[in-house]
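Beneath this line is the structure, given in structure tokens, with notes to follow.
The values are calculated or read from the model by the stated rules, or taken from the named source; none is laboratory data. These numbers come from a predicted model, not from an experiment. Methodologically, a virtual Cβ is constructed for each residue, glycine included, from the backbone with ideal geometry; neighbour enumeration extends over all protein chains shown. Each accessible area value is taken on the protein alone, full model and side chains, heavy atoms only, with ligands, DNA and RNA left out. Shrake-Rupley method; radii C 1.70, N 1.55, O 1.52, S 1.80 Å.
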Amino acid sequence: MRMRRNKVIKRFKDFDLESYHVKTPETLVVGMTTRVELIDDLYREALSLLYRKAKALDKTLYWEEAEALLSFFPDNVVEEICKYLFDDGYSGLDVSSLSESWVDDMLEDIREIILREARKKGRYRKAKELGVARPDLAKYYNIDPRAFLEVDKLMNKKGLDPKESYDSFGLWGLCPDNITRAWFGNGARPGGKFTLWVNSATSHFKKYGRADEFCPPFPRREESTSVYMCRLRVAETAHDWGIDLNLFPRNGDLRPKEIIRLGHMTKPSIYYALTNCLDEERNEIMWEKLSQWLRLDKREKAKFLPFKLAWSMLFKRKTPEGLGNKDPNPGYLDRVGVKSFRKLMKIVREESADESSLAANTKAAYHLSIVFRDIGTIERWIKLLSRQNTTNITAVTIHDAFVDGNKFVNLDFKKEWINFLLKFPEARKLIGYFKGFEEEYKRSARKIAELEEFATLREYGNIRLPEVAKIAAELDLDEEEFRDYEKFFLKNRKKSYTMLPHVVVKLEDYTFRKLDDHDVRGPFLGLYTDCCQHLHNAGSSCAKAGWRDPESGFYIIEKGGEIIAQSWAWRGRDGELCFDSIEGLGGVNVEKIAALYKEAARQLLGKLGITRVTVGDTEYGLTPEVRKILDGRPCTPAKMIKKVKYTDAEEQWLLAPND
């Protein structure tokens, strides 16, 4: 027996354990037959000895005792046996529970472990030979390392780092489990459906920065590459435009023929089919309804699509920043010709100071182009509203001339109402009543007085905040706009404290002061000074922050009790106070406004820890005129304590101290 054991040990020592390698995941390691023979000899011998000794001792064995009993076997054999029997290092082996078949059972389990480890080593070695970025993944996932090599290549093409683009949870990188599913869905070979899946997954990962934002549907072995390509295109379109990915009927997917037909259509057509032509009961697309939509011209098709998809279909380019689903559908833009919008956008791009002002100016330019038919009419409208009484179109005049185009969509862009607005520009505040007036009297208004009377008589009904309703009526807000304000005030309670100090400065009949934090006029101030600082324009986030956040608030200038100028102000991280812009009515005495701001800034220094006072360097409102009078110099911009979406103060000039 001892001679046989020594012979087996010698064979084991002479065997080259590093020679194992794997051809494919489905094959056993080369040389494994020799290793299995060794298991049958050496491991059986060791397990049999352990079994006999344990029975003889009749006690619970632990790791150290088992090692002592097997001391003359090779160390790695002893370690593998003990590792399996005492996996946590502390549990014991109850010999009383051992049966005659124990050796055979243990032998089979250990054999499987050795085979599994050998496969891991083989996959790891092959991955390193192929140059896979993460060979450790190939080691632990039971697929051919070529799968990870193909993923690496596609990541490199998209500028992604393969070493940093995997994540076992599938949040911040591709999940190897998903790659495995896609690999076997393609028949465990590269190319075809696997490449399509990886290309889609990496594209969306690069776009969103997260791999869990969209996981492409996995390929199925039974479907062809062409069917999968169409199914993938349909799923991507559904995700990109907010359609539930479980959109397909409850009983299963659409038939392959329907998927192929749908997958070869344009994305607008796919969107319309999934949102308007899907018969869930019969598990099919209503092709007759879809064909009716396909016969429409592009302008009519656009009205059924999300804003950005409609824009892409009509103009074959990316949607300008600042436009979205709350703006009139691009299908209406064609009614005035795109030339007006392009001319306005050229001015906006050249003159907008930063991204937030570019977005606001783009929105204003778009709405003007929707409402007024040509550039001449737009120039006329700007002249009517301009403080400088000029026809020169600038980014500032475009911004200030904003008209809500959605109200005119509801009026079918009737010439009578557009002409009425051009005749009475003050009716801009009453646009929300145009539709109701026409429904009541079956015509457009002829005089501003009758429209004002109609607006006054129009009751809001079910008022929960009378003080807000009073302000809304004075400013001629329609019921929908009033409800927005009422909802905002109900949701956002008054501040419990403030970081903006009170100050009062008087100059003749002008008074500069901080608007009380409980004064509901705060979020309405843009309507008092004809600027965008209210809930229904670009500065809505500023209007909300001034009422809601302790770090910001409002300062006003009154003349004879009426608000003629104002600023939204906020605190900086280093003790600054910034007037985001200085807004005011046309015709005011700007020199007195400038003097009031200068004195107020001087008095604010030191209060509540204010270190300096700055003003947003913007072309909006009275800001540029005040800066010119005070010879304001550029300064390092203050940074908001609590960031707000819109600001005119990306760049700033110093108001105090002036030394």
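Is the shape of the stretch 455-533 rounded, prolate or oblate, going by the alpha carbon gyration tensor and its root eigenvalues a ≥ b ≥ c, with a/c under 1.5 for rounded and a/b larger than b/c for prolate?
Details: a/c = 2.56, a/b = 1.52, b/c = 1.68.
Cα axes put the stretch 455-533 in the oblate bin.
Quick check for me: using +1 on Lys/Arg Cβ and -1 on Asp/Glu Cβ, what's the dipole size of the chain about its Cα centre, in debye to the nearest 20? Provide the component values of the computation, followed by the final result.
On the way: 110 positive and 104 negative charges, 388 e Å.
Value, rounded to 20: 1860 debye.
How would H502, H367 line up by accessible area, probe 1.4 Å, largest first?
From most accessible down to least: H502, H367.
Projecting each Cα onto the charge dipole of the chain (Lys/Arg +1, Asp/Glu -1 at the beta carbon, about the Cα centre), which of T60, G609, L107 comes out farthest on the positive side?
Positive-end residue among those listed: L107.
Does the stretch 500-659 classify as rounded, prolate or oblate by the C-alpha gyration tensor (a ≥ b ≥ c root eigenvalues; a/c under 1.5 gives rounded; else a/b over b/c gives prolate, otherwise oblate)?
Rounded, since a/c falls under 1.5.
Just read off the accessible area of V198 with the full protein assembly in place, 1.4 Å probe, to the nearest 10 Å².
Probe radius 1.4 Å; accessible area of V198 about 0 Å².
I'd like the Karplus ³J(HN,Hα) series for the stretch 233-238: coefficients 6.51, -1.76, 1.60, θ = phi - 60°, whole numbers in Hz, and an x wherever there's a Gly or Pro.
Coupling constants for the stretch 233-238: 5, 5, 5, 5, 4, 4 Hz.
Report, in degrees rounded to the nearest 10, the 0 to 90 angle that the Cα long axis of helix 448-457 makes with the longest principal axis of the chain.
60 degrees
Return the whole-Å distance between the Cα centroid of the stretch 58-89 and the Cα centroid of the stretch 316-352.
77 Å
For the stretch 162-285, with the dipole built from +1 on Lys and Arg beta-carbon atoms and -1 on Asp and Glu ones, taken about the Cα centre, which of Y271, W172, G192 lies farthest toward the positive end?
Highest projection toward the positive end goes to G192.
Could you tell me which of P523, L475, M499 has its Cα farthest along the dipole of the stretch 443-558 towards the positive end, charges placed at Cβ (Lys, Arg +1; Asp, Glu -1), taken about the Cα centre?
Going by the charge dipole, the pick is M499.
Would you mind calculating the relative contact order of the chain from Cα pairs under 8 angstrom and at least 6 residues apart, reporting the percent as a whole number? Working shown, then result.
On the way: 951 pairs, mean separation 35.4, N = 659.
Taking the mean separation of contacting Cα pairs over the length of the chain, I get 5 percent.
How much of the accessible area of the chain, in percent, comes from carbon and sulfur atoms when a 1.4 Å probe is used?
Details: 15910 of 32940 Å².
Roughly 48 percent, rounded to a whole number.
Which angle from 0 to 90°, rounded to the nearest 10, does the C-alpha axis of helix 192-208 make with the longest principal axis of the chain?
40 degrees
Going by average Cβ neighbours within 10 Å, how do the peptides 95-102, 286-293 rank, with the highest at the top?
Per-residue mean Cβ counts within 10 Å order the peptides as 286-293, 95-102.
For the stretch 540-615, what does the alpha-carbon gyration tensor say about shape, rounded, prolate or oblate, given a ≥ b ≥ c as the root eigenvalues, a/c under 1.5 as rounded, and a/b over b/c as prolate?
It is oblate, given that a/c is not under 1.5 and a/b is not larger than b/c.
In this model, which of K83/K121; K301/K414; K303/K343; K326/K645; K598/K643 are farther than 20 Å apart at the alpha-carbon?
K301/K414; K303/K343; K598/K643
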